[in-house]
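Enquirer: Pasting a structure here, questions to come.
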Amino acid sequence: MNEQSEHIISRKKEHLELCKTDEVKFKEKTSGFEQYDFLHAALTEVKIDKIDLSKKFFGKRVSYPFIISCMTGGTTEGENINLQLAEAAAELNVPLGLGSLRFALETNIFDEHFKVIRKTAKDAPILGNIGGAQIIQMKSFKPLFHLLDKVEADVLVVHLNPLQELLQKNGEPNFHGITKSLEKLVKQSPLPILVKEVGSGISKKNAQLLLGLGVAGIDVAGAGGTSWAGVEILRNKQSTENPFWDWGLPTSYSIKSIAELRKKHKFILIGSGGINSSFDAAKALALGADFTASARIILQTLINSQQAGVVSLIKEWFEDVKKIMFLTDSQNLCSFGLEKLILKKDFS
Ligand SMILES: Cc1cc2nc3c(=O)[nH]c(=O)nc-3n(C[C@H](O)[C@H](O)[C@H](O)COP(=O)(O)O)c2cc1C
């Protein structure tokens, strides 16, 4: 194993350790969901037992509009986590996001692991993952496509993390050429491409550009949940007063503004970044997300109460979502939109 591989492994280990704690939350900035309440419908006509939350995700029908967000790819530390998450994804029948495959691209020691993940996840869609900073450097995408084949991935996610790269020791804050690389990747990829942030959100303008390139989905991964600036600042043992800790567009803002692009483009919109409760998930959906996704709370639940805990958590969240739909007179997800929300400031 070369020095760079060792470096990636120990970095992933530190990321996982820090994300087990709440030290890496945003400080002042929130996801913005707390500004909203649901518009109560005393005259609801909804048959709650007839609400169907299942949804198509790139050709496969899944049981909930929820994705286990990308966390670990191929590293020894991540193997067990991915396996448990795959079991949870199979039981829930929801998509499973893998973390960056950067390290796995350099070795074939995870080939067997990926086969097991695919088998364990059963029919659940699997999202492969690679960094934008990495695709710029790739001379050919073939090794990446070959690896995605081994995982039998359904979608390829490209994560954009300029803030994290900027603050990371030995980070690679060079995204020059990212648009061209993404365009090339979209053209050559046998799988649909989904682009995500990691906690700083995506602007409507950038989303428009991405959709123009042919990207099939956008995961806003907005501000208000895990601060990746915070993670890197803690890893660097720097002052926690760093003003970049809270950088980014709040998740609710990103979802609401990007959802407006539906008039012009067909795409899947994922609302993530600080989705830590059933009400957060419901508000993300009502603001215009097709799916919601969570990362750190899933990791923490897995560590505290194994995959059974993750399964219970998500089932409970979506039982609540059904109750919220009942109370807002929304028989299905299509009728559960912006008009079902009210800004709390309008109460006064
Ligand atoms: C332990 C951990 C590892 C992560 N690794 C990746 C990764 O490899 N690729 C990626 O796209 N996002 C990664 N993320 C970011 C998440 O997918 C997510 O976008 C971000 O943490 C915001 O969601 P949250 O507030 O629910 O944690 C990771 C998150 C966690 C908690």
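The numbers here are math on the coordinates, done by the rules we state, and not lab data. A quick note: this is a predicted structure, and the numbers were derived from the prediction, not measured. Reconstructed Cβ throughout: ideal geometry from the backbone, glycine too, with neighbour counts over all protein chains shown.
Enquirer: Once amide H atoms are placed 1.01 Å from N in the peptide plane, what residues at a sequence separation of 5 or more from TYR36, or on another chain, have their amide H within under 5 Å of its amide H?
Expert: LYS344
Enquirer: Can you give the % of DSSP beta bridges in the chain that are antiparallel, to the nearest 5?
Expert: Antiparallel bridges: around 20 percent, rounded to the nearest 5.
Enquirer: How big is the C-alpha Rg of segment 243-297 next to the rule-of-thumb value 2.2 N^0.38 Å, as a ratio?
Expert: Its radius of gyration relative to the 2.2 N^0.38 Å reference: 1.17.
Enquirer: Which cross-chain or sequence-distant (5 or more) residues have an amide H under 5 Å from the amide H of LYS25, H modelled 1.01 Å from N in plane?
Expert: Those lying under 5 Å, H to H, from LYS25 are SER227.
Enquirer: On a straight-distance basis, which aspartates and glutamates could pair with LYS122 in a cross-link, Cα separation under 13 angstrom, same-chain partners fewer than 8 positions away excluded?
Expert: Qualifying aspartates and glutamates at Cα under 13 Å: GLU87, GLU91, GLU152, ASP154.
Enquirer: If you don't mind, another one. Sorting check: for 205-217, 244-256, which peptide has the highest mean count of neighbouring beta carbons within 10 Å, and how do the rest follow?
Expert: 244-256, 205-217
Enquirer: Counting each DSSP H run of 4 or more residues in the chain as -39500 (n - 2.57), what helix-only mean residue ellipticity at 222 nm follows after dividing by all residues, to the nearest 500 deg cm²/dmol?
Expert: Result for the chain: -13000 deg cm²/dmol, rounded to the nearest 500.
Enquirer: Using each residue's phi in segment 25-38, evaluate 6.51 cos²θ - 1.76 cosθ + 1.60 at θ = phi - 60° and report the 3J(HN,Hα) Karplus result to the nearest Hz, with x for Gly and Pro.
Expert: 6, 4, 8, 9, 5, 10, 5, x, 5, 5, 6, 9, 10, 8
Enquirer: Restricting attention to segment 229-337, which GluC sites (Glu not before Pro) occupy a DSSP loop and are surrounded by at most 15 other Cβ atoms within 10 Å?
Expert: Of the GluC sites (Glu not before Pro), the ones in loops of segment 229-337 whose Cβ has at most 15 other Cβ atoms within 10 Å are GLU241.
Enquirer: I've got another one for you. Set the Förster distance to 22 Å, then compute FRET efficiency between ASP149 and LYS180 from the Cβ-Cβ distance, nearest 0.05.
Expert: Working from the Cβ atoms, E equals 0.35.
Enquirer: On C-alpha positions alone, give me the angle between the axis of helix 3-19 and the longest principal axis of the chain, in degrees, nearest 10.
Expert: In the chain, helix 3-19 runs at an angle near 30 degrees to the longest axis.
Enquirer: Compute the helix-to-body angle for 111-120: its Cα long axis versus the longest principal axis of the chain, expressed 0 to 90° and rounded to tens.
Expert: With both axes taken from Cα atoms, the answer is about 20 degrees.
Enquirer: Another question about this same structure. Between GLY201, GLY222, GLY131, find the one with the highest GNM mean-square fluctuation for the chain; connect C-alpha pairs within less than 10 Å.
Expert: Its mean-square fluctuation being the largest, the pick is GLY131.
Enquirer: Taking the Cα centre of the chain as the origin, how large is its charge dipole in debye, to the nearest 20, when only Lys and Arg (+1) and Asp and Glu (-1) carry charge on their Cβ atoms?
Expert: Magnitude of the dipole: close to 960 debye.
Enquirer: Can I ask one more? When the Kirkwood radius is taken over all Cα pairs of segment 276-348, what Stokes-Einstein diffusion coefficient follows at 37 °C and 0.692 mPa s, in µm²/s?
Expert: D = 247 µm²/s.
Enquirer: For the chain, find the longest principal axis of its Cα atoms and tell me its angle to the long axis of helix 278-287, 0 to 90°, nearest 10.
Expert: With rounding to tens, the tilt is 80 degrees.
Enquirer: Need the C-alpha centroid separation for segment 266-283 versus segment 187-261, integer Å.
Expert: Using only Cα atoms to place each centre, the spacing works out to 13 Å.
Enquirer: A further question on this structure: 7 Å from Cα along Cα→Cβ at both LYS27 and GLU172: what's the point-to-point distance in nm?
Expert: 3.1
Enquirer: Please pull out the direction-averaged projected area of segment 34-154, using the convex hull of its alpha-carbon atoms, in nm² to one decimal place.
Expert: 10.6
Enquirer: Report the residue, chosen from VAL220, VAL46, VAL157, that carries the largest GNM mean-square fluctuation when the chain is represented by alpha-carbon nodes joined by springs under 10 Å.
Expert: With Cα springs under 10 Å in the chain, the top fluctuation among VAL220, VAL46, VAL157 is at VAL46.
Enquirer: I've got another one for you. Residue by residue through segment 125-130, which ³J(HN,Hα) values in whole Hz follow from phi under the Karplus form 6.51 cos²θ - 1.76 cosθ + 1.60 (θ = phi - 60°), with glycine and proline marked x?
Expert: These are the phi-based 3J(HN,Hα) values: x, 10, 9, x, 8, 8 Hz.
Enquirer: With the calculation restricted to Cα positions, what are the radius of gyration and Dmax of the chain in angstrom?
Expert: 19.3, 65
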